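Visitor: I am attaching a structure below and will ask some questions about it afterwards.
The values are calculated or read from the model by the stated rules, or taken from the named source; none is laboratory data. It should be emphasised that the depicted structure is a prediction, and the values quoted were computed from it without experimental measurement. A quick note on method: Cβ atoms are made from the backbone with ideal geometry, for glycine too, and the neighbour counts reach across all protein chains shown.
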Amino acid sequence: MSNNTNTTKQYRGHIGACDKNNKKRTPSSSSSSSDDDLIIRAKRREEEEKKAELERQRLKRQKELEEKLIEEEVARRVEELVAKRVEEELERRKDEIEAEVRRRVEEAKKIMEKQMLEELERQREAELEAQKKKEEEEKLKRKELEEIMAENNKKIEEAQKKLAEEQLKLVEEQRRMLEEKQRMEEEDRKRKKREQEVILNKKNARPKLSFSLGGK
């Protein structure tokens with residue numbers, strides 16, 4: 001604000017000096033220099049206005065900078081105050097906060113232990129279920145194997161029975177053939193014996209010839 005006041009005073013003094021100089025001029029020179037004076041005053045006025053505008057801009061920037069610095073300082077102090085208050089509050093509630101932290105840690109620990117036990121229980125149940133399933137599969141396989149073995153044994157028994165029957169038939173056939181052979185041999189023997197007897201009987205039935213010595 002002081003710079004603007006000084007500039008205004010200088011500007012007014014300059015205009016007053018110009019007016020005094022104009023009054024001292026003679027009427028003969030006023031007509032030729034009036035236009036130059038107007039141009040000079042206009043240029044000076046323009047320069048003064050530019051200077052005044054630059055000064056206003058400078059003051060505006062300075063004010064903005066000061067306001068920014070003030071805001072930063074206020075923010076810093078507020079931050080320090082908040083940090084101090086927080087630190088004091090934390091110190092005042094230190095025991096309470098530590099107790100709350102311990103409580104939450106203990107609670108989290110219990111939750112983790114519970115989750116761990118539940119997970120172990122799930123794993124145990126899964127293992128038992130897998131073991132049960134495995135035993136059932138093995139039992140089913142044993143049953144299927146036993147059924148296959150029983151079927152094979154049945155087939156073997158049937159095959160053995162059939163073979164035994166065929167062997168029995170073969171033995172029976174051999175026995176029958178042997179008996180037939182023996183019967184035929186016996187009949188042949190009897191036939192030959194009868195033939196021999198017939199021959200012998202015929203021999204015995206021939207008349208006996210008697211020869212006498214001596215004459216008739």
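Visitor: Say whether the condition of being in contact with a helix residue (DSSP H, G or I) (Cβ under 8 Å, 6 or more places away or on another chain) and surrounded by 10 or more Cβ atoms within 10 Å (Cβ to Cβ) is met by at least one residue in segment 153-165. Walk me through how you get there before you give the answer.
Guide: Step one: of segment 153-165, the residues in contact with a helix residue (DSSP H, G or I) (Cβ under 8 Å, 6 or more places away or on another chain) are none.
No, every residue in segment 153-165 fails to be in contact with a helix residue (DSSP H, G or I) (Cβ under 8 Å, 6 or more places away or on another chain) and surrounded by 10 or more Cβ atoms within 10 Å (Cβ to Cβ).
Visitor: Determine if segment 93-108 includes at least one residue that is on the phi < 0 side of the Ramachandran plot, aliphatic (A, V, I, L, M) and modelled with pLDDT under 85. Break it down into steps so the answer makes sense when it comes.
Guide: Within segment 93-108, the subset on the phi < 0 side of the Ramachandran plot is 93-108.
Now drop any that are not aliphatic (A, V, I, L, M), which leaves 97, 99, 101, 105, 108.
Still in the list and also modelled with pLDDT under 85: 97.
Yes - at least one qualifying residue is present in segment 93-108.
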